[in-house]
Amino acid sequence: MKAIRIHQYGGPEVLTLDEVPRPEPGPGQVLVRVHAAGVNPADWKVRAGDFQKFMPLQFPAILGFDFSGEVEAVGPGVTAFSKGAQIYGTAMGTYAEYVAAKVAEFALKPRTLDYVQSASIPVSAQTAWQSLFDAGGLTAGQTVLIHGATGGVGSFAVQFAKAKGAHVLGTASGRNQAYLRELGVDQPIDYETTKFETVAHDVDVVFDTQGGSTQQRSWQVLKKGGALVSIAQEPSQEEAAKYGVRGVYVGQQPNPAELAEIAQLIDAGKVKTTVEVVLPLAEARRAQELSQSGHTRGKIVLTCD
């Protein structure tokens, strides 16, 4: 099969399109014929070596986490899925024509979406879901401030928060203000002209996708007992104690039950995904360069057929 691999850490130039053996599904795994693979910031951070302290790679390594496709074969002990099942989820090494995925990493894909759209969802949507609800404890009637609300993760966070019945404030650049409204943001904030801390007050949950000064300035907008949840950097526990709130760092974990619930929301028309760029597997380098630029509004997806 064809796969995008790296033989060392480095820039986009280390990505190579290689012919490699097709994997065999082990116990509790299925072999997936990958139709599409989502591209996430985590992909190029892995490539660059940013995660090697807690996720060291054995070279050569196939990149990618998001996938959608169909079950080609099942491994020992797998009874819930059979050949031909249309699934989506996360696994290591999805920039490839086939991947072996654990049953605990995927669910049936949304019926109303094609493979390309479905591949744009798992990592970003689960990150948003786990940040808002599992870590932040967001409930109906509460207020949430979402930084980077038009990004891959932020756009899902807005829609999940609205579906839950929360009041949503969201930050984005001036050119994305209309898109914030489209997503359902109740109070759009143009960070280029307005300091969010001058308009956001008594917030229950801040969802930080930026880190740095954005995170530092976010403590003051929270009400006592609130939560600052970050996927960008570990929040300071000293600052959290000072403001009487919680500071939580979230790293996305595969959860098939959450993926199934997300698929239901999508099929019910309550959540949508925006795919901005679709490229063939061979153009993974360009896809990662676009992702790393930070200027894409929707998701980037590789087609693996």
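Laboratory data are not the source of any read-out in this text; all were calculated from the coordinates shown. These figures come from a predicted structure and were not determined experimentally. A quick note on method: Cβ atoms are made from the backbone with ideal geometry, for glycine too, and the neighbour counts reach across all protein chains shown.
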So which lysines pass the test for Lys195, namely a Cα distance under 26 Å, with those fewer than 8 places away in the same chain ruled out?
-> Lys162, Lys223, Lys224, Lys242
Three-way shape label, the range 112-178, alpha-carbon gyration tensor, a/c 1.5 = oblate
Out of Phe106, Phe160, Phe133, any idea which swings most in a Gaussian network model of the chain, alpha carbons joined below 10 Å?
-> Phe133
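With the contact rule set at Cα under 8 Å and sequence spacing of 6 or more, what percent relative contact order holds for the chain?
On the way: 738 pairs, mean separation 60.5, N = 305.
Worked out over the chain, it gives 20 percent.
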What is the helix-to-structure angle for 152-164, meaning the angle in degrees between its Cα long axis and the longest Cα principal axis of the chain, kept from 0 to 90 and rounded to the nearest 10?
-> 60 degrees
Build a GNM of the chain with springs between Cα atoms under 10 Å: which of Thr273, Thr194, Thr139 gets the top mean-square fluctuation?
-> Thr194
From the phi of every residue in the range 137-143, what ³J(HN,Hα) in whole Hz does the Karplus formula 6.51 cos²θ - 1.76 cosθ + 1.60 yield, where θ is phi - 60° and glycine or proline is x?
-> x, 4, 10, 4, x, 7, 10
In the neighbourhood of Thr127 defined by beta carbon distances under 14 Å, the net charge of the other residues (Lys, Arg +1; Asp, Glu -1) is -3
Run a plain Debye calculation on the chain (Cα atoms as equal point scatterers, no solvent) and give log10 I(q)/I(0) at q = 0.07, 0.08, 0.09, 0.13 Å⁻¹, rounded to two decimals, same order as the q list.
-> -0.27, -0.35, -0.44, -0.90
Around Met55, with a cut-off of 14 angstrom between Cβ atoms, what is the net charge of the other residues, counting Lys and Arg +1 and Asp and Glu -1?
-> +1
Which ³J(HN,Hα) values in Hz, rounded to whole numbers, follow from the phi angles of the range 12-18 under the Karplus curve 6.51 cos²θ - 1.76 cosθ + 1.60, where θ = phi - 60° and Gly and Pro get x?
-> x, 5, 7, 6, 10, 8, 10
To the nearest 10 degrees, how steeply does helix 284-293 sit against the main Cα axis of the chain, on a 0 to 90 scale?
-> 10 degrees
Going by alpha carbons, how many degrees (0 to 90, nearest 10) lie between the helix axis of 256-267 and the longest principal axis of the chain?
-> 80 degrees
What value, in deg cm²/dmol to 500, does the helix sum -39500 (n - 2.57) over DSSP H runs of n ≥ 4 give at 222 nm once divided by the residues of the chain?
-> -7000 deg cm²/dmol
Please build a GNM for the chain, connecting alpha carbons under 10 Å apart, and tell me which residue among Leu281, Leu290, Leu222 fluctuates the most.
-> Leu290
Compactness index (Cα Rg / 2.2 N^0.38 Å), the range 124-249 = 0.92
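For Arg22 and His7, compute 0.36 nm times the residue count separating them, minus their Cα-Cα distance, and round to one decimal in nm.
Result for the pair: 3.6 nm of gain on full extension.
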Report, by chain and number, residues whose modeled amide H sits under 5 Å from the one on Val271, excluding near sequence neighbours (fewer than 5 apart, same chain).
-> Ile266
